[in-house]
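Enquirer: Have a look at this one.
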Amino acid sequence: MNKPNTPPYLLLDTGSCRKLEQVGPYRIVRPALNAFWRPTLPEKEWNAADAVFERQSTGGGVWTWKRGLKQPEEGNWIVRWGEVNFLVKPTHFGHLGFFAEQIGNWAWLRESSALLPAGSDTLNLFAYSGGATFAMAQGGANACHLDASRGIIDWANKNQALNNDLKGKIRWICDDAMKFVAREQRRGHKYRGIVLDPPSFGRGAQGQVWKIESDIADLLASVRAILDTSGRFFILLTCHSPGFSAFSLGRMLEQAFPDFAAQVESGEMLIPETSAPGRALPAGLYARLRN
Ligand SMILES: C[S@@+](CC[C@H](N)C(=O)[O-])C[C@H]1O[C@@H](n2cnc3c(N)ncnc32)[C@H](O)[C@@H]1O
């Protein structure tokens, strides 16, 4: 299926710890806990939202659809963001099925993949719905998409089907990230580009516990062993976990790649906002290195 005229995602406004988004045909309001400033758009724009997500103290939250609207059935809500069509799936945690703040990294990955020798292998660990995988494939790399959840892989597969240019370019793997990297190391299989967006806490395909604070340094050391640094290569590390800063992410990459420390850059991931030129909502951190 090709969806060439898919409506876009837009961040319309932020403020008072909320964000107003146009997600294809639907306008929604979700929490943005770091948007301490006042909103730019008048209240009537916010009140025109079709759905509002509110957190509950018990964990997760509730979606409320207004004016008799119902949440669209699965497969009927598709948006385009960062040159990719995504299936929108509102979750109990208020997620939509793609992380809009990755848009700058996807552009960087597309560009970095295009610089690699033709047919280079790249790997996306903790790959979720596929944004980074698709960006690397669009840049011309053979992209391997790994996630511990079978359901998430199926979802990413459906996203691929919405993007004609990605047909047949992706290898899908359901596994634990640490286990897979160790196996690739034993096999001597190397990649020229690796992306990691680890959650704070997660479980591998066989229930292996992942905790970012205790596991990230070991994972980076193993990733180092399967990254071919003999020529052009890249690595991207992103996170949303409390306790980390752009500086600390950068320092971890510098430690794992001491020969390339001067090329490490780090910063905040930003979602561009349409309320005024140059405005953006910070949402998470990145550190990256390209040689
Ligand atoms: C924060 S999301 C990644 C978001 C994604 N990279 C993006 O920007 O669109 C975390 C993902 O890691 C997966 N995951 C959690 N623990 C894992 C593990 N031990 N090995 C592999 N994947 C894991 C989850 O299933 C989830 O899809």
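Enquirer: Give me the percent of DSSP beta bridges within the chain that run antiparallel, rounded to the nearest 5. Walk me through the intermediate numbers first.
Expert: Details: 38 of 60 bridges.
Antiparallel bridges make up about 65 percent of those DSSP assigns within the chain.
Enquirer: List the relative contact order of the chain as a percent without decimals, with contacts defined as Cα pairs under 8 Å and 6+ residues apart.
Expert: Computed value for the chain: 14 percent relative contact order.
Enquirer: Looking at segment 159-285 only, what percent of DSSP beta bridges run antiparallel? Nearest 5 please.
Expert: Roughly 60 percent of the beta bridges in segment 159-285 run antiparallel, per DSSP.
Enquirer: Using a ≥ b ≥ c from the Cα gyration tensor of segment 100-290 (square roots of the eigenvalues), is it rounded, prolate or oblate, where a/c under 1.5 gives rounded and otherwise the larger of a/b and b/c decides, a/b for prolate?
Expert: Values: a/c = 1.18, a/b = 1.06, b/c = 1.12.
Rounded, since a/c falls under 1.5.
Enquirer: Return the long-range amide H neighbours of GLY97 (sequence gap of 5 or more, or a different chain), with a cut-off of under 5 Å between placed amide H atoms.
Expert: Close amide H contacts, sequence-distant or interchain: LYS89.
Enquirer: Taking the Cβ of CYS144 as the center, what net charge do the other residues with Cβ under 10 Å away carry, scoring Lys and Arg +1 and Asp and Glu -1? Working shown, then result.
Expert: Working: positive: ARG171; negative: ASP121, GLU184.
With Lys, Arg at +1 and Asp, Glu at -1, the neighbours total -1.
Enquirer: Taking the square root of 5 times each eigenvalue of the Cα gyration tensor, what semi-axes in Å does the equivalent ellipsoid of segment 140-198 have, largest first? Don't jump to the answer; show the numbers that get you there.
Expert: On the way: eigenvalues 92, 44, 16 Å².
Result for segment 140-198: semi-axes of 21, 15, 9 Å.
Enquirer: Note down the magnitude of the dipole of the chain about its Cα centre, charges +1 on Lys and Arg C-beta and -1 on Asp and Glu C-beta and zero elsewhere, to the nearest 20 debye. Show your work: numbers first, answer last.
Expert: Numbers: 33 positive and 28 negative charges, 88 e Å.
The calculation lands at about 420 debye.
Enquirer: Moving on to the next point. What is the local net charge at PRO242, summed over the other residues whose Cβ is closer than 14 Å to its Cβ (Lys, Arg +1; Asp, Glu -1)? Write out the running numbers ahead of the final one.
Expert: Details: positive: LYS211; negative: GLU213.
Neighbourhood net charge equals 0.
Enquirer: Find, to one decimal place in angstroms, the Kirkwood hydrodynamic radius of segment 9-87, where the mean of 1/r is taken over every pair of different Cα atoms and then inverted. Before the final figure, lay out each step's value.
Expert: Values: mean 1/r = 0.0738 Å⁻¹.
Value: 13.5 Å, from the Cα pair sum.
Enquirer: Among ARG288, ARG67, ARG203, rank each residue by its count of other Cβ atoms within 10 Å, from fewest to most, as a rough exposure measure.
Expert: Values: ARG288 22, ARG67 7, ARG203 13.
Least to most surrounded, the residues fall as ARG67, ARG203, ARG288.
Enquirer: OK, next. How would you rank TRP81, TRP37, TRP155, going from fewest to most other Cβ atoms within 10 Å of each one's own Cβ?
Expert: If I rank by nearby Cβ atoms, fewest first, I get TRP37, TRP155, TRP81.
Enquirer: Let me ask something additional. Calculate how many DSSP beta bridges within segment 9-87 are antiparallel, expressed in % of all such bridges and rounded to the nearest 5. Write out the running numbers ahead of the final one.
Expert: Working: 21 of 23 bridges.
For segment 9-87, the DSSP antiparallel bridge percentage is about 90.
Enquirer: Quick check for me: using +1 on Lys/Arg Cβ and -1 on Asp/Glu Cβ, what's the dipole size of segment 9-87 about its Cα centre, in debye to the nearest 20? Display every interim value, and only then the final one.
Expert: Numbers: 11 positive and 9 negative charges, 46 e Å.
My answer is approximately 220 debye.
Enquirer: First select every other residue whose beta carbon is under 13 angstrom from the beta carbon of TRP46; then total the charges, Lys and Arg +1, Asp and Glu -1. Could the numbers behind the result be given before it?
Expert: Values: positive: ARG18, LYS19, ARG27, ARG30, ARG38, LYS44, LYS66; negative: ASP13, GLU21, GLU43, GLU45, ASP50.
So the environment of TRP46 carries a net charge of +2.
Throughout, read-outs are computed from the coordinates displayed, never taken from laboratory work. Since this is a predicted model, take the numbers as computed values, not measurements. Backbone-built Cβ (ideal geometry, glycine too); neighbour counts: all protein chains shown.
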